[in-house]
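Participant: Below you'll find the structure I mean.
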Amino acid sequence: MKLIDTIARAGRSLKNAKARTLLTSLAIGVGAFTITLSLAAGQGGRAYTDQIVTANTDVRELVVTKKQPEVSNEPQKYNEAGVAQPSGTSGPFGGGAASQVNYLNDADIAAIKDVEHVVSVSPNYAPQVAYIGSGEHKYVVESLSTFSPSVRLEYAAGSVDGDLKKDEIILTEAYASVLGFATPADAVGKKVTIRADKLSTALGAAENKLFEYTVRAVSSKSGFAFRAQSSLLVTNDAARELYEYINVGTRAYGNFLLASVQIDDEKNAEDVKNVLVSKDFEAQTAADILGTVNTFINVLQGILIGFGALAVLTSVFGIINTQYISVLERTQQIGLMKALGMRRRDVGRLFKLEAAWIGFLGGAIGSGVAVIAGLAANPAISDALGIGDTYLLIFAPMQVAVVVIGLVIVSVAAGILPARKAAKLDPIEALRTE
């Protein structure tokens with residue numbers, strides 16, 4: 001009997017038992033639905049995190065810190081190279097119980113610059129300024145960061161092609177609004193001032209200075225560039241100028257928690273990292289950040305696929321049961337086919353192909369519903385998370401095809417025992433069965 005004829009006959013046999021075939025296929029479809037959605041969520045999650053990392057970091061950039069002492073509850077020996085870091089604080093040098101934190105200093109910065117493939121080293125200045133003002137409007141600055149051309153921003157008004165000038169600043173929409181500008185576009189080109197207070201000034205003799213900047217652009221909320229969500233952005237030189245004015249003459253001056261290290265080529269990132277680690281530094285590349293996030297996504301995806309696999313495992317017993325019942329109901333038919341010359345191999349293949357049809361129908365239905373539901377839900381998910389046109393469920397045709405084919409193979413494996421039973425039936429005994 002030709003294979004094409006066997007496939008067609010298997011399909012007709014299942015058609016004669018529509019309800020049973022459909023119910024068994026739907027059981028497999030539940031597993032296919034779960035697995036397909038899990039794979040799409042993993043694909044979309046990895047793509048999203050990849051966009052986040054590339055939007056907020058440069059593949060040619062490493063984040064470097066001084067190697068920190070191991071955390072211990074025991075009394076620590078004082079280290080002149082370390083700086084007292086108050087417990088419960090994020091910045092250096094304050095009152096209260098302190099622990100030793102190793103900060104980067106000028107010697108460390110020079111040592112990093114000497115490493116092969118390093119192009120530049122930019123300490124994280126992050127100056128703590130008093131306020132930003134425009135006319136009578138004055139507001140506390142929550143965060144002032146350095147602008148990087150490699151960080152992708154979305155703009156409500158204006159734009160930056162390349163780098164900023166030293167006297168330019170990028171506002172957020174929130175600051176543009178409270179500083180009295182009618183629209184973000186109205187803020188572009190206007191002057192704002194930032195007041196910095198000296199920390200080294202003696203009590204009772206406060207000293208401060210106003211720094212004037214021109215608004216180059218206004219950033220808008222982005223699903224990727226988290227760094228710019230609430231930060232005012234200036235050039236590295238401007239941040240250094242503010243930092244030096246505020247901290248010169250204090251213990252904080254010349255000590256940095258981290259630095260951004262620019263290298264000449266992405267392919268040298270791992271080599272530079274290894275050299276820095278050997279020199280008592282800690283370094284992290286964009287690939288390290290991405291790998292950490294993707295590990296978390298992979299774990300969640302694995303859990304969801306596990307639930308789908310349990311559903312498939314349950315449906316396997318359904319296939320075995322369906323096929324055994326089919327063998328019992330068609331005993332005389334099997335005996336007649338054998339009496340007319342159908343070989344045992346062809347009988348076994350017929351029932352395996354019926355199981356394959358059930359697996360194919362279940363996989364196609366489950367995966368198809370998952371794709372339709374996912375594509376329909378993507379816009380709602382993106383709106384709820386505020387990530388614009390980025391979709392978190394990405395369906396790869398190859399993955400969907402693998403799921404369906406995989407379920408067909410599982411179904412064939414489940415149909416082996418019933419197929420063997422059908423193939424071993426004695427035609428004379430089968431014909432006598434009522």
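Participant: Relative contact order, percent, of region 125-254 when contacts are C-alpha pairs under 8 Å separated by at least 6 residues? Show your work: numbers first, answer last.
Facilitator: On the way: 272 pairs, mean separation 48.4, N = 130.
The value is 37 percent.
Participant: Order by neighbour count: TYR103, TYR155, TYR175, fewest other Cβ atoms within 10 Å first, most last. Walk me through the numbers on the way to the answer.
Facilitator: Values: TYR103 21, TYR155 18, TYR175 25.
So the residues, fewest neighbours to most, are TYR155, TYR103, TYR175.
Participant: Now for a different question. For region 344-434, state the semi-axes of the equivalent ellipsoid (square roots of 5 times the eigenvalues of the alpha-carbon gyration tensor), sorted largest first and rounded to whole angstrom.
Facilitator: Numbers: eigenvalues 404, 24, 10 Å².
With the √(5λ) rule applied to region 344-434, the semi-axes are 45, 11, 7 Å.
Participant: What lysines could a cross-link reach from LYS279, if we take a straight Cα to Cα line under 25 Å and drop same-chain neighbours fewer than 8 places away?
Facilitator: The qualifying lysines are LYS66, LYS67, LYS77, LYS113, LYS267.
Participant: Run the dipole for region 102-164 about the Cα centre, Lys and Arg Cβ at +1, Asp and Glu Cβ at -1, nothing else charged, and hand back the magnitude in debye, nearest 20.
Facilitator: Charge dipole, region 102-164, about its Cα centre: 160 debye, nearest 20.
Participant: Place a point 7 Å from Cα of ALA396 in the direction of its Cβ. Which residues in region 295-311 have their backbone N less than 18 Å from it?
Facilitator: In region 295-311, the label zone of ALA396 (backbone N under 18 Å from the point 7 Å along Cα→Cβ) covers 295-306.
Participant: Using a 10 Å cut-off around each Cβ, can you sort ARG240, ARG251 from fewest to most neighbouring Cβ atoms?
Facilitator: On the way: ARG240 17, ARG251 13.
If I rank by nearby Cβ atoms, fewest first, I get ARG251, ARG240.
Participant: Next question. Can you return the lysines within cross-link range of LYS338? Criterion is Cα-Cα under 30 Å, with same-chain partners fewer than 8 residues away left out.
Facilitator: Counting by Cα, and skipping residues close in sequence, LYS338 has these lysines nearby: LYS2, LYS15, LYS18, LYS352, LYS421, LYS424.
Participant: Okay, moving on. Could I have the simple spin-label model distance between TYR131 and ILE289, label points 7 Å from Cα toward Cβ, reported in nm to one decimal?
Facilitator: 3.3
Participant: Arranged by the count of other C-beta atoms within 10 angstrom, fewest first, what order do ASP161, ASP186 take?
Facilitator: Working: ASP161 5, ASP186 14.
Listed from fewest to most nearby Cβ atoms, that is ASP161, ASP186.
Participant: Which distance in nm do the two modelled labels at LEU300 and ASP271 give, with both placed 7 Å along the Cα-to-Cβ direction?
Facilitator: About 3.7 nm, to one decimal.
Values in this text are rule-based calculations from the coordinates and carry no lab data. Quick caveat, the model's predicted, so the values are computed rather than measured. Methodologically, a virtual Cβ is constructed for each residue, glycine included, from the backbone with ideal geometry; neighbour enumeration extends over all protein chains shown.
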